[in-house]
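The values are calculated or read from the model by the stated rules, or taken from the named source; none is laboratory data. Computed from a predicted model, the values in this text were never measured in an experiment. Here the Cβ positions follow ideal geometry from the backbone for every residue, glycine too, while neighbour counts run over all protein chains shown.
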Amino acid sequence: MKHSSLFSVLLLLLLGFFSGCNTEKEPAKEKTKPNILFLFADDQRADAIGCANNTNIQTPNIDKLAETGVRFTNNYVMGGHHGAICAPSRAMLMSGKSLFHVYDHLEGVHTMPMHFAENGYETFGTGKWHNGANTFEASFQNGKNVFIGGMSNHFQVPCRDLGADGKLSEPVKKGFSTDLFADAALGFLDSYAKGTREKPFFCYVAFTAPHDPRSPREDYIGMYPDESIPLPGNFKKLHPFEFDNLNIRDETLAPWPRTPEIIQASLADYYALISHLDKRVGDIVEMLKKENLYENTIVVYAADNGLAVGSHGLLGKQNLYEHSTKVPLIMSGPGIPENEVRDALVYLYDIFPTLADLCGLPAPEGIDGKDLAPVLMGNEKAVRSSLYTVYRNTARAVRTDEWKLIRYPQRNYTQLFNLEKDPLEINNLAAIPEYKSRVNEMMQLLDEWYTATEDTATMQPNTILPLEYDYHKLKQTPDVHQPEYVLKKYFNITDE
């Protein structure tokens, strides 16, 4: 027995030796690419989440994403060429291009979901798509509860499904927006988990909350008592000067002058919409964990643009103050550092090339966005030293880490803010003599951005318009999407 055992051992050693001499190795299995879950809010300003040191709002699930990932504190939408900032913002996000290279048109454009599909991903989209039905059909392989448009009554959202023929169905009005889109995402993830899982997924969930109407689901009404919400630190009853149409639709959601009570009520409902959204974000992340998908999924949380909601006497996003151009951006997932913050100046349209890099995909061609992966991983501090934002032909802004200048060419008016000392943009330093050189320096920087972005605005118009305006001439008129709750609370309209 002993001799037999010794022979067996020697035989095994010889076989191991000769097999080790074999120079042909089996090809290594390709590392599984990470999945992408992209959660996109509508009109959520950057400070409207708990992890941004806002103690007045409850967003535990979004906060958890920040704890397990990286939060960017200076993420911006570049702006828009019309009042519906959502449309150009989403076009920039999906194309990786800056405003003047895409505007709000995605026809014939190579989009982010297309890029992922071409590189082996299964793609799914639900929620708001503000860039035309045909471009959704061209971009996604699967889709359910798709809303084509800018806004709707949250309780009656016209939704379409993407059929096997690659075409969207006719719209059918359904239930509450946040639930419709979250449930569609959960349905996709459930179906994916039960399938072969051969391909990684790219799942895009575009909520319409907290965009107005400010009408939370019934069980979220009163979650935040109006009087418990503090006013913004830069609250004003009226904007101090006219720079564009101050009677644009977003600005009609409260009368003029703005009162503390109406702004507190608006913020209370705004926060309730966000907390409901946060709950459904938690449901989607929990599904990832339940189906053993979480560990290999990059989760992105962002929003298309910010909102004033009482800041500077404004309500909407049609301006270039920080509250309207800065938006949340959180990235969490495999290989991404945990519970870290990045202050780099970034754009929403940087996300496309960043995700391509993180997933090992070829870099998209012909884009303006920059790969944020080196900043995300902590290897670099910045991808740009300044940043440019625009609104129509009426306002242009440029900012650095410390300074921000807003120029209103049609009014021949300038604002200069020191963002380190004055993050709420309250003290305009532009007319103070000691800051003249700083104004000149920032104007030069703005001119450089104007040229580099191929901006089309006239910066030296022949006619200068007045800054003064009469707020009594502004009219509060509800649009067709406002439900009874909003009509009663914000427009003082009853059935009687």
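Assorted remarks:
- Meets criteria (at pLDDT 95 or above, basic (Lys, Arg), under 29 Å from Tyr391 (Cβ atoms) and in a strand (DSSP E or B)) for Lys97: no
- Filtered residues of segment 304-342 (kept if among the small types (Gly, Ala, Ser), part of a loop (DSSP other than H, G, I, E, B) and under 17 Å from the mean Cα position of the chain (by Cα)): Gly306, Ala308, Gly316
- Filtered residues of segment 169-212 (kept if hydroxyl-bearing (Ser, Thr, Tyr) and touching a His at 6+ places or on another chain (Cβ under 8 Å)): Ser177, Thr178, Thr208
- Among the residues of segment 279-300, not a single one is in contact (Cβ under 8 Å) with a residue 60 or more places away in the chain, more than 25 Å from Ala52 (Cα to Cα) and touching a Lys or Arg at 6+ places or on another chain (Cβ under 6 Å).
- Screening Val77 against (1) over 21 Å from Gln318 (Cα atoms); (2) of a type in the set (Val, Ile, Thr); (3) in contact with a helix residue (DSSP H, G or I) (Cβ under 7 Å, 6 or more places away or on another chain) leaves a single unmet condition, (1).
- Of all residues in segment 245-260 being of a type in the set (A, V, I, L, M, F, W, C) and in a loop (DSSP other than H, G, I, E, B), the one that is nearest to Asp226 (Cα to Cα): Ala254
- Residue match in segment 108-118 (condition: small (Gly, Ala, Ser), surrounded by fewer than 19 Cβ atoms within 10 Å (Cβ to Cβ) and not assigned by TED's automatic domain parsing to the domain that holds Thr451): yes
- Within segment 197-230, the set of residues being of a type in the set (Gly, Ala, Ser) and either within 30 Å of Leu361 (Cβ to Cβ) or assigned to a loop (DSSP other than H, G, I, E, B) (or both) comprises Ala206, Ala209, Ser215, Gly222.
- The set of residues in segment 159-196 being more than 26 Å from Val285 (Cα to Cα) and in a strand (DSSP E or B) consists of Leu168, Val172, Lys173.
- Residue count, segment 85-119 (criterion: touching a residue at least 60 places away in the same chain (Cβ under 8 Å) and touching a Leu at 6+ places or on another chain (Cβ under 9 Å)): 10
- Going through (1) part of a loop (DSSP other than H, G, I, E, B); (2) surrounded by 18 or more Cβ atoms within 10 Å (Cβ to Cβ); (3) among the aromatic types (Phe, Trp, Tyr) one by one, Phe155 falls short only on (2).
- When Gly20, Gly79, Gly69 are screened for being small (Gly, Ala, Ser), surrounded by fewer than 24 Cβ atoms within 10 Å (Cβ to Cβ) and modelled with pLDDT of 95 or more, only Gly69 passes.
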